[in-house]
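Below: the structure, in structure tokens.
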Amino acid sequence: MIIRTATLEDAANIAKVHVDSWRTTYKGIIQQSFLDKLSYEKRTTLWENNLTNPARNVYVAQTGDNEIIGFVVGEKRDTNTEQGATDLSAIYLFEEWQGKGVGKLLLKQVMQSFKEQGYYKVYVDVLADNKSREFYKYYGAQYVETFTIKFDGVPIDEEVYVWNNIDAVLEKL
């Protein structure tokens, strides 16, 4: 397994992971009609734009066969004005690769990049019904608060977690 910095040429492959993982991860959480409307083409355009933003740390997990099977995104969101803090924006894997240590490798890479940038605190938002929140908690993320967002007008609870010490996370990884 190779964890590497994503390039613009990876946009379509990241889009495929993004769409497919949303459809499996959020089935029964987000309205099926919303998930059905996700398109590889629109997500590829989104990722072409994302990958040209130097403020985003985007890494991919690539198999020995050069297949991209997951990605992670770290960036300081505009709404995060806290000194020394940043955000884990996304971490997604194809369903068949979940639970095999790939997420851990991606988390380690993005946490290391945050440390190198001088951050010491990291926030992550996760849908309350998403089982991946247990992954974050396992690596030391602490619950902060719950707020409500909407997908196609349907309210869904989202939870905020924080890692207060990147070094402690890296030691566990």
Point to revise | Inter-probe distance in nm under a simple model that places probes 7 Å from Cα toward Cβ, at E134 and E9 | key: 3.9 nm
**Study point:** Apportionment of accessible area to carbon and sulfur, the range 9-122, percent (1.4 Å)
**Key:** 46 percent
Check your understanding: Given a cut-off of under 8 Å on Cα pairs at least six residues apart, what relative contact order in percent is computed for the chain?
Key -> 21 percent
Review point. Taking a ≥ b ≥ c as the square roots of the eigenvalues of the Cα gyration tensor of the range 1-61, is the shape rounded (a/c under 1.5), prolate (a/b larger than b/c) or oblate?
Key: prolate
Review point. Too long at a 19 Å Cα-Cα cut-off: which of K137/K172; K42/K100; K37/K150; K27/K104?
Key: K42/K100; K27/K104
**Study point:** Percent RCO, i.e. relative contact order, over the range 1-56, from Cα pairs under 8 Å lying at least 6 residues apart
**Key:** 51 percent
Practice item. Compute the length gained on full extension between S33 and N53: take 0.36 nm times their separation in residues and subtract their Cα-Cα distance, giving the result in nm to one decimal. Key: 4.2 nm
Review point. Accessible area per residue of the range 91-154 at 1.4 Å probe, in Å²?
Key: 57 Å²
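The values are calculated or read from the model by the stated rules, or taken from the named source; none is laboratory data. What you see is a predicted model, and the numbers here were worked out from it, not measured in a lab. Cβ: placed from backbone, ideal geometry, glycine included. Neighbour counts: every protein chain shown. These accessible areas exclude ligands, DNA and RNA; they are computed on the full protein's heavy atoms, side chains included. Shrake-Rupley method; radii C 1.70, N 1.55, O 1.52, S 1.80 Å.
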